[in-house]
Number of protein chains: 4
Amino acid sequence: MILATPSAPLVDRQAKPGGSVFSVGGVEIGGPEVIVFAGPCAVESEAQIIAAARAVKAGGARILRGGAFKPRTSPYSFQGLKDEGLGLLVLARAETGLPVVTEVMDARHLEKVVACADILQIGSRNMQNFTLLEEVGQCRTPVLLKRGMSATLAEYIHAAEHVMRGGNERVILCERGIRTFEPSTRNTLDLNAVPMLKRLTHLPVIVDPSHGTGLAWMVPRLACAAIAAGADGLLIEVHGDPSSALSDGEQALTFDQFARMMPEAAAVAAAVGRRIGAVIDMDLRGTERAS
Amino acid sequence: MILATPSAPLVDRQAKPGGSVFSVGGVEIGGPEVIVFAGPCAVESEAQIIAAARAVKAGGARILRGGAFKPRTSPYSFQGLKDEGLGLLVLARAETGLPVVTEVMDARHLEKVVACADILQIGSRNMQNFTLLEEVGQCRTPVLLKRGMSATLAEYIHAAEHVMRGGNERVILCERGIRTFEPSTRNTLDLNAVPMLKRLTHLPVIVDPSHGTGLAWMVPRLACAAIAAGADGLLIEVHGDPSSALSDGEQALTFDQFARMMPEAAAVAAAVGRRIGAVIDMDLRGTERAS
Amino acid sequence: MILATPSAPLVDRQAKPGGSVFSVGGVEIGGPEVIVFAGPCAVESEAQIIAAARAVKAGGARILRGGAFKPRTSPYSFQGLKDEGLGLLVLARAETGLPVVTEVMDARHLEKVVACADILQIGSRNMQNFTLLEEVGQCRTPVLLKRGMSATLAEYIHAAEHVMRGGNERVILCERGIRTFEPSTRNTLDLNAVPMLKRLTHLPVIVDPSHGTGLAWMVPRLACAAIAAGADGLLIEVHGDPSSALSDGEQALTFDQFARMMPEAAAVAAAVGRRIGAVIDMDLRGTERAS
Amino acid sequence: MILATPSAPLVDRQAKPGGSVFSVGGVEIGGPEVIVFAGPCAVESEAQIIAAARAVKAGGARILRGGAFKPRTSPYSFQGLKDEGLGLLVLARAETGLPVVTEVMDARHLEKVVACADILQIGSRNMQNFTLLEEVGQCRTPVLLKRGMSATLAEYIHAAEHVMRGGNERVILCERGIRTFEPSTRNTLDLNAVPMLKRLTHLPVIVDPSHGTGLAWMVPRLACAAIAAGADGLLIEVHGDPSSALSDGEQALTFDQFARMMPEAAAVAAAVGRRIGAVIDMDLRGTERAS
């Protein structure tokens, strides 16, 4: 029941008892606001990503997510638009002002991903790809490090230490479901991990209920649960037409479902003494309309 | 990703699309109120259970929990006060008016447990003790059926069907953490199970964050998360002096911790359109004081 | 990596460094011979169990297995022939001379099961049904205690301690596969458990590759592996017509498959310095034919 | 229970019903001989690797293993001798004639690892490092692809497909234990995987009982079990002084333990119709001595 964290001194809570708070493109992560990262699993076309970026911004998301390089179990599945996808993310950011998070799978792509992304995502399958961790540790772009599918929290914390040791202090942790015997959901979302990671480390901790459940209808409930458990943010898959998505359509919310989820999430955030973009966006939208 | 529930017709949601709501000693389970079941793991003495019953009632609990017969991994651990424990639960109910839930481990004890308990608990280790399930199915006392440590939801649903087939329609389901590879918590609380069980069955679903985490400091956060996920109730271990508890002290809240948790839980309940005992109790306590 | 076995003094290896060896109906369990327990999952009819008993005896099995009381996930599945099944097992024993092992699920059936069985099986789902463990601990009939689906070895050892504390010293352990994330086999057979249980306890350890794989074609390979890992016996499901079996047909060997497996198993046993019934039976059959 | 292998046409058994057999430095992998890969976890010094290479050759190993680049959970653990380690492996090969397998963790090291290694190892943590899989797929050096810690067999098969799609047809699969709830062993060795992988694919399948158990005393028993289950080879950690090893000392055999294990393994191999280096080496050593 004990984690040997003294061996990960850089991420250890004791190194920063008040917790890490840092700003990405004007969005403060780790502070009182629960930050919503939302967007499609993969960038599929200009129309798709622009529409999604607008919809998630309207709903209250602060960061746009979208995959250009996609790790896929089968080599015959859609592997992402790659360079073209990066370009479309830049376009979507220009259009909406939302900072962008996208996955980097290969150290050799790092330069071009860094040129386009505001946050570098390390996917679950690469949580212990130590050479990649070291490379992103050399960057000054913040890193969203997803928990491995069967990584213990001790291993996860050490993976973050690999990144921080390179000098990159802006690491975001993300619980995204673990592999268990239960077949009715894609993964088992481990919300125990949220308070445990916040106690053991000083890093912001977000939750991905899309991968954590694999089922769109279940996402809003687990998103609210994650906030109540103390999460600093959410990572939500949203797609204009999930039934035609090139990957993970089963777990993506439609624009409407996302819009309906956000006020619920905001209410739960308020109940635990935090706030969420939706509330503020309502004001902002009011202001915009007024101006 | 699909559960073969047509094979469990009695618990299937389709049998009662609006969901089961039933009353136990005046407490409505499955309705808009999130019901808190609280008390010590084991009944240890008259003083201990009376104090705990008063404390949890004051905090807003609706049902008193306490074990008289304790299933223990080692035959040399404290096995509960047995018959004496049942008597003390009756005393605590008389003192506080709280209905009582306690575990039955053996069909041969059933008659005396039924005589004392308002709800019969079937523990995780007995989730597939089919003879016991059939016996409690013959009773008319409501049953709190805990999920087995590594039971799939399909198996769990079928275990409930075993009970209902005997004619006992008042079954409460309880997610209490599953066994995974993660060692930092006692179990992994599977909150995905809450919306899934509510979609697949019409039964009330409660959550036990005490066993689900094994760590008292983490219980309030996961209790709030469970409510946000849609739970109809909570099962919380509370002890006057956890450090001296004869079992499970590591996961028991003190009276103070419980009292502090309840308003937080009530706020989250309100955020998701429900209410919790604490709020109402405040009024009641006012009335009592006035009279 | 350490098991707290001093807390299970009766099963601890130190209590009997040479290991427990005991005789059941003339069959020595825990000795140099690898003992094969074989037969159908469930007793279905006189013709079925007699044919199976003859076939497994001819193949070299020493103990006949067959379920009369069947624990089933669904209450609507075949639950066994119950009392009638017990009678048919007695008949099959009379016909073949093979001692019989059958499951007892309910303490109230114990008297009649003891009257018919040479070994009492406690199934995986009842590994922590402590009242049942205590009851069979009071008996003097040997007990085959199967490992729970997700029981740690420490929990398993303590379950055996529950039985032995009642005074019943003849307990046989059985690894039968554990629950993991892997979906292509019914369970994951944990052969690490064999040397670990033999090091930590003095009890005979057998392996059930039928439940451990769930796939008949795979059984012979894992049966051989179990012997090489040091198992003292095998528990094998064999059925005259698996495709029409009322339970677990997918994992049952036909008579022919069983007959073909046994010489392979015997060769592996010889390679690790042991022997298996098959070899001796060949001689015996020769003798019988000659007489 | 069914794996969608038609989607991995290159590794599918149907593509080569007789199974893949290929030669590495004169050692035939996938043929009747069970091939033993042995050596230390990490190359630590010239003296250490040369001594280990001689010892494992004398014991009957056919391939020398040794890590130069070590993936480690903590960034503060020994990370391997890197380039120097590669040089020492070349030396050990020159000294003993044993082909060498070593891990490649980073596509940017590939050229130099290929220059030194006879077989490229992809470690468990990189099983779904798809860019690395594609890179080694471009090579013509055989690949030893270890199963991920919680990879399903379907995912594992697809990872092999990623390699083969690049044109590299010489892929060796390796079961090395999976992550489960059981804490008494480092991993749970999944020997069900051996017959399943051999049925679904045409690739050679070896087993690593060192990682699969994490305990040196248990390795010989599981090595024998792996052979009985049908493994085409073994991967065994051997170290001149395990107590001073810089990594994984708990699971390494001493030279003596390795030498004692090999005749047992050879006997089991013979029992299942195969042979193992030990037997032949005895002859060869005779021949060599004679010449």
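Bear in mind that the values in this text are calculations on the coordinates, not laboratory data. From a predicted model like this one, the values you see are computed outputs, not experimental measurements. Virtual Cβ from ideal backbone geometry, glycine too; neighbours counted across all protein chains shown.
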**Study point:** Label-to-label distance, nm, for residues given as residue C:241 and residue A:58 (7 Å Cα→Cβ offset)
**Key:** 6.5
Point to revise | Sparse-neighbourhood loop sites, trypsin sites (Lys or Arg not before Pro) in segment A:113-184 - DSSP loop, at most 16 other Cβ within 10 angstrom | key: A:140
Point to revise | Residue (of B:56, B:71, B:156) at the positive-pole extreme of segment B:20-290, dipole from beta-carbon charges | key: B:156
Review point. Inter-copy label distances at residue A:254, 7 Å along the Cα→beta-carbon direction, one decimal in nm, shortest first?
Key: 5.2, 5.3, 7.0
Revision key, fill the gap. With no solvent term and unit scatterers on the alpha-carbon positions of segment D:153-192, Debye gives log₁₀ I(q)/I(0) at q = 0.14, 0.18, 0.30, 0.31 Å⁻¹ of -0.43, -0.61, -1.01, -1.04
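Can you compute the charge dipole magnitude of segment B:20-290 about its Cα centre, using +1 on each Lys and Arg Cβ and -1 on each Asp and Glu Cβ, nothing else charged? Give it in debye, rounded to the nearest 20.
Dipole of segment B:20-290, to the nearest 20 debye: 300 debye.
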Point to revise | With 10 Å bins from 0: P(r) over segment C:1-127, alpha-carbon pairs, percent | key: 12, 36, 31, 16, 4
Exercise for review: Considering only chain C, pick the residue with its Cβ nearest the axis of the rotation onto chain B, and state the distance in whole Å.
Suggested key: C:150, 2
Revision key, fill the gap. For segment C:85-176, the Debye formula with one identical point scatterer on each Cα and no solvent gives log10 I(q)/I(0) at q = 0.10, 0.14 Å⁻¹ as -0.24, -0.46
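Report the charge-dipole magnitude of the protein assembly as shown in Debye, nearest 20, computed about the Cα centre from +1 at each Lys and Arg Cβ and -1 at each Asp and Glu Cβ.
About 0 debye.
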Practice item. May I ask which residue of B:89, B:132, B:7 lies farthest towards the positive end of the charge dipole of segment B:1-149, with charges of +1 (Lys, Arg) and -1 (Asp, Glu) on Cβ and the Cα centre as origin? Key: B:7
Point to revise | Using θ = phi - 60° and Karplus 6.51 cos²θ - 1.76 cosθ + 1.60, couplings along segment C:106-122 (whole Hz; Gly, Pro as x) | key: 9, 4, 6, 8, 4, 4, 6, 5, 4, 5, 10, 9, 8, 9, 9, 8, 9
Exercise for review: Take the Cα pairs of segment C:171-213, get the Kirkwood Rh, then feed it into Stokes-Einstein at 37 °C and 0.692 mPa s and tell me D in µm²/s.
Suggested key: 307
Point to revise | Helix-derived mean residue ellipticity, 222 nm - over chain B, DSSP H n ≥ 4, -39500 (n - 2.57), to 500 | key: -11500 deg cm²/dmol
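Can you give the local net charge around residue B:244? Use residues other than it whose beta-carbon is closer than 13 angstrom to its beta-carbon, Lys and Arg +1, Asp and Glu -1.
-4
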Review point. So what are the radius of gyration and Dmax for the Cα set of segment C:181-258, in Å?
Key: 13.2, 41
Review point. Can you give the charge dipole size of segment D:64-213 about its Cα centre, rounded to the nearest 20 debye, using +1 on the beta carbon of Lys and Arg and -1 on the beta carbon of Asp and Glu?
Key: 180
Check your understanding: Which of the listed residues, B:104, B:47, B:178, is farthest toward the dipole's positive end in chain B, when Lys, Arg count +1 and Asp, Glu count -1 at the beta-carbon?
Key -> B:178
Point to revise | Residues whose placed amide H lies under 5 Å from that of residue B:174, excluding near-sequence neighbours | key: B:145, B:147, B:206
Revision key, fill the gap. Taking every C-alpha to C-alpha distance in segment D:222-263 and binning by 10 Å from 0, the per-bin percentages run 28, 46, 24, 2
Point to revise | Ratio of Rg to Rh over chain D (Cα coordinates, Kirkwood Rh, two decimals) | key: 0.94
Study note, to complete from the structure: chain C: relative contact order from alpha carbon pairs under 8 Å, six or more residues apart, as a whole percent, is 22
Practice item. Sort shortest first the distances from residue D:114 to its counterpart in every other copy, using label points 7 Å along the Cα-to-beta-carbon line, and give them in nm. Key: 2.6, 7.3, 7.6
Review point. Under a point spin-label approximation (7 Å from Cα along Cα-to-Cβ), what is the residue A:84-residue A:111 distance to one decimal in nm?
Key: 2.4
Point to revise | Kirkwood-based Rg to Rh ratio, the protein assembly as shown, C-alpha trace | key: 0.97
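Of the listed pairs C:146/C:198; D:146/D:198; C:16/C:57, which have alpha-carbon separations greater than 23 Å here?
Over 23 Å Cα-Cα: C:16/C:57.
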Check your understanding: Using the reciprocal of the averaged 1/r over all distinct C-alpha pairs, how large is the Kirkwood radius of segment C:127-240 in Å?
Key -> 14.4
Practice item. Can you list the distances in nanometres, one decimal and ascending, from the residue C:14 label point to the identical position in each other copy, with the point 7 Å along Cα to Cβ? Key: 3.5, 5.9, 6.0
Study note, to complete from the structure: Spelling it out for residue D:192: with amide H atoms placed in the peptide plane at 1.01 Å from N, the residues 5 or more places away or on another chain with amide H under 5 Å from its amide H are C:189
Revision key, fill the gap. Within the under-9-Å Cβ sphere about residue B:96, not counting residue B:96, Lys/Arg +1 and Asp/Glu -1 give a net charge of +2
Exercise for review: For segment A:19-87 and segment D:189-217, compute the distance between their C-alpha centroids and round to whole Å.
Suggested key: 39
Review point. How about residue D:112: which lysines have a C-alpha closer than 19 Å to its C-alpha, ignoring those fewer than 8 places off in the same chain?
Key: D:70, D:82
Check your understanding: What longest range of chain C stays clear of loop-exposed chymotrypsin sites (Phe, Trp or Tyr not before Pro) (DSSP non-H/G/I/E/B, at most 15 other C-beta within 10 angstrom)?
Key -> C:79-291
Exercise for review: Indicate the helices, whole DSSP H runs only, in chain B that combine a mean Kyte-Doolittle hydropathy of -1.0 or more with a Cα extent along their long axis of 24 angstrom or more.
Suggested key: B:255-271
